[in-house]
Amino acid sequence: MSTPSMGMSSLLNTTSSSKLAGNQVILKPGQILTGKVLEIFPNQKASVQLGNQQFTAQLQASLNVHSNYWFQVQSVNQLLHLKVLADKPSKQTPESQATALLEELKLPLTKENIAFIKSLIESETPFRSNELRKALQMQQGKGNNASQAVLKAMIRHQLPITPSIYNALVQVDGEPLEAQLQQLQTVLTQLGNSRETSTPLLARIHSLLSDSTPQGNIHHFISNEVKNGDQVLIDLLKTSGIVSKDTSSTATNNILDQLGNSSEATTLAKLQTLFQRQLPFTNQQTYQFSKIMQSLSSVSDTTKIDQQLKALQAFLEEPHVAPKIAEALPNQAKAQFQAWQQQPASNKLESMLVHFKELVDQQIPKNTENKLIDILATFTKGSSVLSPKEQFLLHVKQFLSFSGIDYENRILHADKNISQQFSLKQLVLQAIQSGQTGQKEMESLLSTLNGLQLSSVQETEAFIQASIQVPGLFGAKENIQIDFESKKEKSGQVNPDYCRVVFYLELKNMGDTMIDMSIQKRVINITIYNEHQEIIPLLEQIRPVLEQGLEKGDYNLSGVQYKQLSTSVDEYMPKKKQAHDNLQQGVDIRI
């Protein structure tokens, strides 16, 4: 097995409990699909089964009950309007249905074409005639299940049927991202500093690779950035307490003197504390919390204070808000707050206001948080400064923030508050445009990043399904893949009460490992898939630690169980290509 994503991801598809919207037919004008006539009504109306759903449709032809036809969607209003592509009903086998459509559209009757249309029928994938023509043309000469799966996914998710998009999606299942980064790092290292574009690209690759060691020390890095006038970093130094808040941002020497008065260990500790204080709130929750605290700080009237205290209590009683705040508070304040949680009363909140005010003041903008994440992730690798949980979270967030897989999206939405200057994708694009040595490796890496971007998230009105692939960490030989699926709340946000997270790891000592975490009503069940039964005693040993950690996040652990992972996992590899139908690769997950 070459990567966890190729071997074990199929288990997610075969054991998935939610099914999301994979089999739901969402119809749009122009789409073609097979359907069965269940019942005929007056005025040329009929009950038609399309996929696993039944529709009442307006038809323009006389049809036979219980017969299959090729239909084309004309309009989707209160009543579905369908056009019958052939007056004669199709025979029951997918092969004969595929042949009938090829004849109707005057396309070549080849084995490859029949097999591809048969695959569309079996997966209940609607398509347009122009999409089908391009896909059949593109699959010529490839003729394998992997090619079919990618093209089918492109049709299902209405991606343009072009060679560049096809190659990007294929590249995702090719050479692991970490291996590509290492290869390009080798090429750029051999170049030395002969080109200006190679140095920042090499530095970015180095920061994202899990087994790399920090280049230089943190004070040297910060000093250089301060001398270059990095305002975001200067703001970060002030918020973390490394530099006094009343220091002028242009007083470079004063800032450097204060930095020099702090040891590197102290600097890292203050940055770590600031990272731990960041609340995992939505933008709306952060604004609401800040607004309440501002009001409490500015009013003196007793009646108004009581009103704001009640507003604060109501906010804290919203689902999952209080545990998130408790987790971010210092230990003494946390104990005091948890005592209030046991006996909530607005008059007891006053003693907590100073701690809440400090917490609000420590919240930083996204751009500043990205800078903090990048510095900590880069300068704490291989150290015990951070807990494994914090290291993992940093590693994932750093990749999401600096890989550039959302580069075009940020440009599209003019997100000027989040810098893309030093993202991996932007630096690779600059290096390619400059004609730098290593074009082959850079174009391959760019194609992989594009593939991750294209296959990042699948959403419906009720569900979201996503995945992220990041360079390995914690003894992983290959990329780590995290698949995620969840119900959506009315606001469109992920519902943390009902979701599922699956980790795919290829570990140096334990080999292929899959961790399946299912969440129902904030009760978590964890299943570990591995071929080594020797790990079973370890699961009971780690259970108390898991229970304590999950309890802090307002979750309960129902069980941790072991299941044998087949040693013939390569048998699942072809099925991984079918995972493209779900396009499961890319979302920020709070662990």
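The values are calculated or read from the model by the stated rules, or taken from the named source; none is laboratory data. Note that this is a predicted model, so its numbers are computed, not measured. Glycine gets a Cβ as well: all are built from the backbone with ideal geometry, and neighbour counts include every protein chain shown.
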task = For residue 39, state whether it is modelled with pLDDT of 90 or more, of a type in the set (D, E, K, R) and in a helix (DSSP H, G or I).
result = no
task = Return only the number of the condition from (1) in the same structural domain as residue 104 (by TED's automatic domain parsing); (2) surrounded by 18 or more Cβ atoms within 10 Å (Cβ to Cβ); (3) of a type in the set (A, V, I, L, M, F, W, C) that residue 38 does not satisfy.
result = (2)
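So that you can scan it fast, the table gives a plain yes or no per residue for (1) in a loop (DSSP other than H, G, I, E, B); (2) over 34 Å from the mean Cα position of the chain (by Cα); (3) closer than 19 Å to residue 364 by Cα:
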residue	(1), (2), (3)
244	yes, yes, yes
250	yes, yes, no
262	yes, yes, no
288	no, no, yes
ask   = If only one of 524, 482 is more than 29 Å from residue 170 (Cα to Cα) and modelled with pLDDT of 85 or more, which one is it?
value = 524
query = Does residue 526 meet the test of being part of a helix (DSSP H, G or I) and closer than 24 Å to residue 479 by Cβ?
reply = no
key: Boolean, residue 240 is modelled with pLDDT of 95 or more and under 22 Å from residue 391 (Cα atoms)   = yes
ask   = residue 109 fails exactly one of the following numbered conditions: (1) in a helix (DSSP H, G or I); (2) more than 19 Å from residue 72 (Cβ to Cβ); (3) modelled with pLDDT of 90 or more; (4) not basic (Lys, Arg). What is the number of that condition?
value = (1)
task = Quick one: which helices (runs of 4 or more DSSP H) lie wholly within the range 125-206 and hold at least 2 residues that are under 14 Å from residue 444 (Cβ atoms) and either touching a residue at least 24 places away in the same chain (Cβ under 8 Å) or not basic (Lys, Arg) (or both)?
result = 163-172, 177-191
request  = Working only within the range 119-175, note down all residues that are charged (D, E, K, R) and outside the structural domain of residue 99 (by TED's automatic domain parsing).
outcome  = 173, 175
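Every residue, every condition in (1) at pLDDT 75 or above; (2) part of a strand (DSSP E or B); (3) touching a helix residue (DSSP H, G or I) at 6+ places or on another chain (Cβ under 7 Å), yes or no:
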{"position": "517", "(1), (2), (3)": "yes, yes, no"}
{"position": "546", "(1), (2), (3)": "yes, no, no"}
{"position": "572", "(1), (2), (3)": "no, no, yes"}
{"position": "591", "(1), (2), (3)": "no, no, yes"}
request  = May I ask you to say which residue of 511, 492 is modelled with pLDDT under 90, over 30 Å from residue 124 (Cβ atoms) and either out of contact with any Lys or Arg (no Cβ under 6 Å at 6 or more places or on another chain) or in the same structural domain as residue 469 (by TED's automatic domain parsing) (or both)?
outcome  = 511
note = Taking the range 81-96 and keeping residues crowded, with 20+ Cβ neighbours inside 10 Å and either closer than 24 Å to residue 153 by Cα or at pLDDT 90 or above (or both) leaves 82
note = Residue count, the range 365-379, condition closer than 10 Å to residue 233 by Cβ and of a type in the set (Ser, Thr, Tyr), comes to 1
